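Participant: Take a look at the following structure, please.
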Amino acid sequence: MALQKVCGIETEYGILVTSKDDASINASSMLINAYIEREKQALTSKWDFKDETPQKDARGFIGPHAPEVETHLVNCVLKNGARYYVDHAHPEYSTPECGNPLELVIWDKAGERILEYSVKALEQYAPDLKVKVFKNNSDGKGNSYGCHENYLTDRALPFNKIVEHLVTHLVSRQIYCGSGKVGYETPLITNQDVVFQISQRADFFEELVGLETTIKRPIVNTRDEPHANPELYRRLHVIVGDANISEISTFLKVGTTAVILAMIENNMEPSKNLQLANPVKAIKQISYDPTLQSSVELQDGKTVRAIDLQWELYQRAKAYLSDHGFEAIGDDSVGYKLLELWEDTLSKLENDLFQLDKSVDWIAKYSLILAYKEKYGLNFSDAKLKAIDLNYHDVTKERSLAVKLNLMKLVSEQEILKAISEPPESTRAYFRGKCLEKYNAEIVTANWDSIVFDIGHEPLRRVPMMDPLKGTRKHVETLISQCDNAEQLVAKLES
C-alpha cells in the first residue's frame with residue numbers, strides 16, 4: 001500500500017543587490033533578520049543541524065563531495081512550521097510538511113508573501129540598500145539556484161525502481177510546470193535557434209543519477225536524508241523542477257509526481273515501455289521546443305513527443321486512482337481536482353497552448369514576451385525581453401508582471417495570509433509551529449524531526465518527531481492546550 005505523500009518545497013530565491021557593497025550573502029541575512037524583527041514570527045536561535053547528513057547517498061554509500069552545511073549563516077524556524085534561512089547566498093524558504101499537493105500550494109504561496117514582506121521590512125531598516133527578490137531559477141549568466149520538492153516514500157521500495165519509473169515523468173512534466181526562459185545558458189550547445197525555452201532549469205542537468213545539487217546536477221538526486229524514521233521512510237529529494245508562480249503549475253508539478261510515486265510503491269510500473277533512451281538529452285530537447293512538436297527517443301527506438309508521454313502517464317494514473325482511491329495524495333476532492341486539471345491542461349497543450357496563458361507559467365511568460373516583441377519590433381536578444389523574463393518573478397506585487405497577468409487561482413488569499421503564521425494541521429508541522437507559538441522562550445533549537453526544550457533544569461529535553469504524520473492538530477491540539485509551559489508538555493509526553 002502506498003504511503004500518504006507528505007510533501008514540501010524548498011525554494012532558493014534570486015536576490016539582486018544594488019548598493020556600494022554588493023554582498024548578496026550579507027543582504028540575504030539582513031533580509032531575513034528584518035522580517036524576523038518586524039513580524040516576530042520565528043525562533044531566532046540557530047537551526048539544529050544534529051541530523052543533517054547531506055553526504056549520505058541512497059545507493060548505500062557516503063558521497064565524497066558532500067554539500068557544505070553552512071551552520072554560520074542565519075537560520076530560523078517560522079511559526080507556520082517552515083524554515084527560513086540563507087543558503088549559498090540566497091534567501092531560502094522551505095515550506096512546512098504538507099499532507100497533500102493542494103495544501104502545499106497554500107504554504108508555498110505563503111512563502112512568496114514572506115519574501116515580499118521581508119523586502120519591505122528591509123527597505124525600512126536599510127533604505128540605502130536596494131534589494132529585489134525573484135522566485136526564479138537563473139541569473140541569466142549561467143548560474144542556477146534550485147526549487148527542490150520532497151516526497152515521503154517507503155524505505156522498502158528499492159531506489160532503482162524509483163529511478164526506472166520516475167525519470168520519464170520528471171523529464172516530460174515540464175510542459176505544464178516549466179517557468180520559461182529567454183535564451184539558453186549552457187556552454188555545451190551553440191544553438192542560436194533556442195530563443196525561448198520551456199524550463200529555467202533544463203540547461204543545468206548533466207547526469208541521470210547522482211548526489212550533487214550545485215554541480216553535475218542529476219535528474220534523480222540520491223540524497224538520503226529522511227528527516228524521519230530511517231528504517232521506515234525515505235525523503236525523495238527532487239531537484240529537477242522550476243520555481244513556479246502559477247498555482248496551477250505548482251499543483252500539477254507536485255500532484256502528478258506524488259501519484260507516479262504512489263504507483264511505483266504499489267508495483268504498477270507507470271513508465272513501462274516509456275523509458276527514455278537518453279534522459280539528459282531529452283530534458284533539453286523538450287525544453288528547447290515551445291511548439292511541443294519535437295520528439296524524443298525511447299529505449300525501444302520509438303520516438304514520441306513529451307505530450308504523448310504525459311497523456312499515457314495520465315491514463316495510467318487515472319486507472320490507478322480509480323482502483324486504489326486518492327488516499328496517497330490526500331482525499332477525493334484533491335484527487336478529482338488533480339485529474340481534472342491534468343486532463344484539461346494536456347488537452348489545451350495539444351490543441352492551442354495559448355489557452356493556458358493564465359495557468360501555466362512558461363506560456364503566460366511566453367505570451368507576454370511575444371506580444372511585447374511584436375509591438376516594439378524587437379529581437380529575442382533584446383535586453384528588454386530579458387527584463388520582462390526576470391520581472392515576471394519579482395515577489396513584490398507592485399513590480400511583479402505575473403501579478404499583473406492575473407493568473408488563475410486554486411486557493412484563496414485568506415488561506416495564504418493565514419498560512420504565513422499558522423502551520424498545516426495534517427502533519428507534524430502543526431506540533432512544531434504551535435510549540436514555537438506557545439513555548440518560544442523555552443525552545444533551544446528545532447529542526448524537521450525534533451525540538452529541544454529547556455525546561456528550567458538539567459538536562460535539556462529533545463522531543464523526537466520521527467513520523468511526519470504524527471503531531472497533527474488531531475493528535476496534539478488538546479495536549480498543547482493543557483500545558484502552560486514546556487516542562488508540563490515534556491512531562492506529559494514522557495509519561
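The values are calculated or read from the model by the stated rules, or taken from the named source; none is laboratory data. Keep in mind that this is a model prediction, so the values were computed, not measured. Neighbour counts run over all protein chains shown; Cβ positions are idealised from the backbone, glycine included.
Every residue, every condition in (1) of a type in the set (Ser, Thr, Tyr); (2) farther than 30 Å from residue 3 by Cα, yes or no:
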residue	(1), (2)
304	no, yes
310	no, no
317	no, no
328	no, no
337	no, no
354	no, yes
366	yes, yes
387	no, yes
390	no, yes
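Participant: So, restricting to helices (runs of 4 or more DSSP H) that lie completely within region 92-181, which ones have at least 1 residues that are free of Cβ contacts under 8 Å to residues at least 40 places away in the same chain and either within 30 Å of residue 76 (Cα to Cα) or of a type in the set (Gly, Ala, Ser) (or both)?
Facilitator: In region 92-181, the matching helices (runs of 4 or more DSSP H) lie at 101-125.
Participant: Of the residues 458, 487, which is over 22 Å from the mean Cα position of the chain (by Cα), outside the structural domain of residue 104 (by TED's automatic domain parsing) and not in a loop (DSSP other than H, G, I, E, B)?
Facilitator: 487
Participant: Right, something else. So, residue 312, is that one in contact with a Ser or Thr (Cβ under 6 Å, 6 or more places away or on another chain) and either assigned by TED's automatic domain parsing to the domain that holds residue 152 or hydrophobic (A, V, I, L, M, F, W, C) (or both) or not?
Facilitator: no
Participant: Can you tell me which of (1) over 30 Å from residue 359 (Cβ atoms); (2) touching a Phe, Trp or Tyr at 6+ places or on another chain (Cβ under 8 Å) is the one residue 482 doesn't meet?
Facilitator: Evaluating residue 482 over (1) over 30 Å from residue 359 (Cβ atoms); (2) touching a Phe, Trp or Tyr at 6+ places or on another chain (Cβ under 8 Å) leaves (2) as the failure.
Participant: Further, regarding this structure: If the requirement is being out of contact with any helix residue (DSSP H, G or I) (no Cβ under 9 Å at 6 or more places or on another chain) and of a type in the set (A, V, I, L, M, F, W, C), which of these qualifies: 383, 486? Don't jump to the end; show me each part of the working.
Facilitator: Numbers: 486 fails: out of contact with any helix residue (DSSP H, G or I) (no Cβ under 9 Å at 6 or more places or on another chain).
After applying the criteria, what remains is 383.
Participant: Suppose we filter 493, 469, 479 for residues that are farther than 30 Å from residue 141 by Cβ, part of a loop (DSSP other than H, G, I, E, B) and of a type outside the set (S, T, N, Q); which single one remains?
Facilitator: Exactly one residue qualifies, and that residue is 469.
Participant: Next question. Which of the numbered conditions does residue 184 fail, given that it passes all the others? Conditions: (1) buried (at least 21 other Cβ atoms within 10 Å of the Cβ); (2) touching a helix residue (DSSP H, G or I) at 6+ places or on another chain (Cβ under 6 Å); (3) part of a strand (DSSP E or B); (4) not charged (D, E, K, R).
Facilitator: Failed condition: (3).
Participant: OK, next. If residue 206 passes every condition in (1) in a loop (DSSP other than H, G, I, E, B); (2) at pLDDT below 95 but one, which one does it miss?
Facilitator: (1)
Participant: Which members of region 197-226 meet the condition of being in contact with a Leu (Cβ under 8 Å, 6 or more places away or on another chain) and either farther than 29 Å from residue 366 by Cα or polar (S, T, N, Q) (or both)?
Facilitator: 221, 222, 223
Participant: Please determine whether any residue of region 232-252 is in a strand (DSSP E or B), charged (D, E, K, R) and over 16 Å from the mean Cα position of the chain (by Cα).
Facilitator: Checked against the condition, which is being in a strand (DSSP E or B), charged (D, E, K, R) and over 16 Å from the mean Cα position of the chain (by Cα), region 232-252 yields at least one hit.
Participant: Determine whether residue 327 is more than 22 Å from the chain's Cα centre (by Cα) and assigned by TED's automatic domain parsing to the domain that holds residue 251.
Facilitator: No: the conditions fail for residue 327.
Participant: Yes or no: region 358-379 includes at least one residue that is surrounded by fewer than 16 Cβ atoms within 10 Å (Cβ to Cβ), in contact (Cβ under 8 Å) with a residue 24 or more places away in the chain and assigned to a helix (DSSP H, G or I).
Facilitator: Scanning region 358-379 turns up no residue that is surrounded by fewer than 16 Cβ atoms within 10 Å (Cβ to Cβ), in contact (Cβ under 8 Å) with a residue 24 or more places away in the chain and assigned to a helix (DSSP H, G or I).
Participant: Exactly one of these conditions fails for residue 302: (1) more than 24 Å from residue 259 (Cα to Cα); (2) in contact with a helix residue (DSSP H, G or I) (Cβ under 9 Å, 6 or more places away or on another chain); (3) of a type outside the set (Gly, Ala, Ser). Give me its number.
Facilitator: Status for residue 302: all satisfied but (2).
Participant: Continuing with the same structure: Can you report the number of residues in region 405-429 which are surrounded by fewer than 15 Cβ atoms within 10 Å (Cβ to Cβ) and either touching a strand residue (DSSP E or B) at 6+ places or on another chain (Cβ under 6 Å) or over 21 Å from residue 333 (Cβ atoms) (or both)?
Facilitator: Selection size over region 405-429: 2.
Participant: Here's another thing I want to ask about it. With of a type in the set (D, E, K, R), under 28 Å from the mean Cα position of the chain (by Cα) and not assigned by TED's automatic domain parsing to the domain that holds residue 109 as the only criterion, which of 467, 361 stands out?
Facilitator: When all the criteria are applied, what remains is 467.
Participant: Go through region 2-61 and give me each residue that's modelled with pLDDT of 90 or more, part of a loop (DSSP other than H, G, I, E, B) and charged (D, E, K, R).
Facilitator: 5
Participant: Something else: Please verify whether region 341-351 includes one or more residues that are modelled with pLDDT of 95 or more and at positive phi.
Facilitator: The answer is no, given that none of the residues of region 341-351 is modelled with pLDDT of 95 or more and at positive phi.
Participant: Any chance region 338-346 includes a residue that's of a type in the set (Phe, Trp, Tyr), buried (at least 19 other Cβ atoms within 10 Å of the Cβ) and closer than 30 Å to residue 81 by Cα? Spell out the reasoning first.
Facilitator: So in region 338-346, the residues of a type in the set (Phe, Trp, Tyr) come out as 342.
Now restrict to residues that are buried (at least 19 other Cβ atoms within 10 Å of the Cβ): 342.
Retained after the next criterion (residues that are closer than 30 Å to residue 81 by Cα): 342.
Within region 338-346, one or more residues are of a type in the set (Phe, Trp, Tyr), buried (at least 19 other Cβ atoms within 10 Å of the Cβ) and closer than 30 Å to residue 81 by Cα.
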